[in-house]
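Below is one structure, written out as structure tokens; the observations come after it.
The values are calculated or read from the model by the stated rules, or taken from the named source; none is laboratory data. Predicted, not measured: the structure shown is a model, and the values here were computed from it. Cβ sites come from the backbone with ideal geometry, for glycine too, and all protein chains shown count toward neighbours. The protein model used for the area step is the full one, side chains on, heavy atoms only, and it has no ligands, DNA or RNA in it. Shrake-Rupley method; radii C 1.70, N 1.55, O 1.52, S 1.80 Å.
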Amino acid sequence: MNKVIFILALFFTLNAFGQKLHKQQISMTLDSLRKANEIEGLQVVIVSSDSVLYQESFGRKKGGHQGIDNTSIFCVSSITKSFTSIGIMKLVERGEISLDDKLKDIAPEISFENPWEETHPLKVVHLLEHTTGWSDVLFSQFAADRQSLSIFEQANDFPGSRVCNYPPGQYFSYQNTGPTVAGYLLEKISGSSYEEFIKNEILDPLNMYDSSLDPASAVGKDRLAIAIADNVPYRLIVDVPSGGMFTNSHDMSKYLRLLLNQGTVDGITILSPASMNRMTTAQSTLSGKSRYEIGYGLGLWSDRFKGIKLIGHSGEQPSFGSYMIVIPELDRAFFVASNTELPPLNPVITALQNFIVDSENTWLPEEGKPSKKETIAGYYRSLNTPSNTGKIGAFLNPILTTSWIGEEDGELFYTALTHSKRYRLYEDGANHIYYTDEEGYKNWFFVGENWQGNSILQNGKSSGNLKRVSAISVWGSLALAVFCMLTILSLPLVLLIRLILKYLIRSEVTFQPAIQLMSTAFFSLLTAALVIAFIVPPADSSPPEILKFLDTVGKITPTSIAIFTLTLLFGLFSVLAMLVSVNNIRRCRSGLLKIYILGLNLVFAAICGYLLTFDIVPFRSWLF
């Protein structure tokens, strides 16, 4: 409730940006939000195209006592992708590379698998727009200390992360491998190292002298926003071209003004307006090819908030979270950095967006033409291949990502199966529909077909690639999941009853061994889950604690071997229990017990097969 009060205070106590900024009131509100969301250190800068309007820092170093100021250094992680994209676009402008160049032609030394290469070749544009069809980096890549590797070595190791799960240029699915490969292309074509190119072509011309792609340099300045041991570099969990930029609000104010001014600031031109516009426009997805407005372009995403177009990117690393938001039509942009991850930062971002876009809280959702596309009514499910790091929970994907478009009184409504809120759908051209959520974001969908001819809805976001499925598939999978869960949870109770019958009543227990084996299998899997839950660090953990966890499960260690063994035992005991059940089925006198045992066999067979599909049984975390 306090967070809501603070945000409302921001709306109603401050005047619009067209009037004089009340810096003290802004600072009070931001610091209140910081404290309410337990953010130790925070930097904020707000700019127009020609000046800095507001700049302030709050709190202290994470794990230390030194205060945060405007020169403190933060890792902005994935915001680095926009720098990589600017680098590639500079080469495009010089005619040294094309976004349509095939990766196998310009860099045959980079290994990847694309079964559709003949019809849907992998191109440079796919690397930057996250439309390669690759999964995200492997879990073991996050665990590996890769900072001593060259950009080429970073781009070319772990080949399992460069396998196309569907033809390139179909769907947006955020991942970190593509931009790293793009960073290598930058090196190969320019003849400079990635770090030198970004420094000489972007950072130095903009006088961003506090910014660096070297973690050791950031620590050496003693200005890093987290406390870390002397002479110990901050360890990145993604490669430099995807997330290695260290900077502060002082330098980012210049970068924001560059974006607001379409590539030129203070007489320095980095890119042409045409190239900057291309960076904010998705073109390689199905929705992008239909001139869909919202989506992920080249290192920058575009969205609409309360009717106003936003451009930006976020970044997250252990103990760091950051956002940059550019609002061209209002000539405003802001950058926020914290020494915590992104979730606690979201209320700050929402407050600043509302302050700039709707300071008097007068916005009302746009009333458009209600959609009459009755043919799109039905159930939809996410068709993105889950990233390797998401396989632990991927078996719930069919249930958690299901949506429904229903018809009522001739109008269409969109509802997520896991969310009770429903939204009226409006038409926006022949192939587009949209709804506006309660926060003010306008959610567009492209209505079309994928390369297989399947009916899809696509909104250019990771969760927005939806394939139409039957009602039987949706409710059948849900019923099966509930049935399996209840059956598994009944095991301890049934085991207890059977033990009572055997030792107290001295009743013959024909299927006791099978039930015991199934119970052992269940508790093996439960123990593995509890071990993982126990070693996962809390959200406010320090970088060393997070890296210790990554090292523990991302490499071959006693803990990862124990988890592997427990999940393997689940499979082995399940199979053994099924064999014992089959051998004893004729000796069972109780028809009800026979049905229960057969049901258990089917449940364990289904669970084993399902978890085996997602590499959970056995769980080899060091190969993820």
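Normalised Debye scattering of the range 434-495 at q = 0.18, 0.28, 0.29, 0.30 Å⁻¹ gives log10 I(q)/I(0) of -0.80, -1.08, -1.10, -1.12, counting only Cα atoms as equal scatterers and leaving out solvent.
Per-residue ellipticity at 222 nm from helix content only, as computed over the chain with -39500 (n - 2.57) for each DSSP H run of at least four residues, stands at -12500 deg cm²/dmol. Less than 5 angstrom separates the built amide H of L412 from those of S371, L425, all sequence-distant by 5 or more or on a different chain.
If you filter the range 319-375 for GluC sites (Glu not before Pro), then keep DSSP loop positions with at most 16 other Cβ within 10 Å, what is left? Qualifying residues, ordered by number: E360, E366, E367. Each of I515, L478, I497 was placed along the dipole of the chain (beta-carbon charges, centred on the mean Cα), and the one lying farthest toward the positive end is I497. Pairs with C-alpha atoms separated by more than 22 Å, drawn from the list K373/K442; K35/K61; K306/K369; K23/K62; K35/K548, are K23/K62; K35/K548.
Compute the acute angle (0 to 90°) between the alpha-carbon long axis of helix 346-357 and the principal axis of greatest extent of the alpha-carbon atoms of the chain; round to the nearest 10°. So the inclination is approximately 40 degrees. Shape annotation for the range 200-342: C-alpha extents along the principal axes are 52, 34, 26 Å, from largest to smallest. Does the range 241-325 come out rounded, prolate or oblate by the C-alpha gyration tensor, with a ≥ b ≥ c the root eigenvalues, rounded set by a/c under 1.5 and, if not, prolate when a/b is larger than b/c and oblate if not? It comes out oblate by the Cα gyration axes. Note that the range 571-577 has calculated 3J(HN,Hα) couplings of x, 5, 5, 5, 5, 4, 5 Hz, one per residue in order, obtained from phi through the Karplus relation 6.51 cos²θ - 1.76 cosθ + 1.60 (θ = phi - 60°); glycine and proline are x. Which angle between 0 and 90 degrees, to the nearest 10, do you get for helix 591-613 versus the longest principal axis of the chain when only C-alpha atoms count? Helix 591-613 sits at roughly 30 degrees to that axis. Kindly provide the GluC sites (Glu not before Pro) of the range 22-99 that DSSP labels as loop, not H, G, I, E or B, and whose Cβ sees at most 16 other Cβ atoms within 10 Å. Passing both the DSSP loop test and the Cβ count: E38, E96.
So for the chain, Kirkwood radius off the Cα pairs, Stokes-Einstein at 37 °C and 0.692 mPa s: how many µm² s⁻¹? Numbers along the way, then the final one.
Working: Rh = 26.8 Å.
My calculation gives 123 µm²/s for D.
Counted by Cβ distance under 12 Å from L206, the other residues give a net charge of -2, where Lys and Arg count +1 and Asp and Glu count -1. Any idea how far the Cα center of the range 329-385 sits from the one of the range 255-307, in Å? For the range 329-385 versus the range 255-307, the Cα centre distance is 17 Å.
Loop only per DSSP, at most 16 neighbouring Cβ atoms within 10 Å: give me the trypsin sites (Lys or Arg not before Pro) in the range 249-326, ordered by residue number. Can you show the working numbers first?
Details: sites: K254, R257, R278, K289, R291, R304, K306, K309; in loops: R291, K306.
Here the sparse-neighbourhood loop sites are R291.
For the range 236-246, 3J(HN,Hα) computed residue by residue from phi via the Karplus equation (6.51, -1.76, 1.60; θ = phi - 60°) reads 6, 9, 10, 6, 4, x, 9, x, x, 7, 10 Hz, glycine and proline entered as x.
For the chain, the carbon plus sulfur part of the accessible surface works out to 58%, probe radius 1.4 Å.
Using a simple charge model, +1 on the beta-carbon of Lys and Arg, -1 on the beta-carbon of Asp and Glu, nothing else, what dipole does the chain show about its Cα centre, in debye to the nearest 20?
Details: 52 positive and 58 negative charges, 480 e Å.
Result for the chain is approximately 2300 debye, rounded to the nearest 20.
With protein chains left intact and a 1.4 Å probe, residues in the chain average 42 Å² of accessible area per residue. Against the main long axis of the alpha-carbon atoms of the chain, helix 512-535 sits at an angle near 20°. Once you divide the Cα radius of gyration of the range 59-98 by 2.2 N^0.38 Å, the number left is 1.93. Compute the Cα gyration tensor for the range 84-199, then decide on rounded, prolate or oblate, letting a ≥ b ≥ c be the square roots of its eigenvalues: rounded whenever a/c is under 1.5, prolate when a/b is larger than b/c in the other cases, and oblate in all that remain. In terms of gyration-tensor shape, oblate. For K188, the aspartates and glutamates whose Cα comes closer than 19 Å to its Cα, not counting residues fewer than 8 places off in the same chain, are E93, E96, D100, D101, D105, E109, E153, D157, E196, E201, D239.
Near I308: Cβ cut-off under 9 Å, other residues only, Lys/Arg at +1 and Asp/Glu at -1. The net charge is +1.
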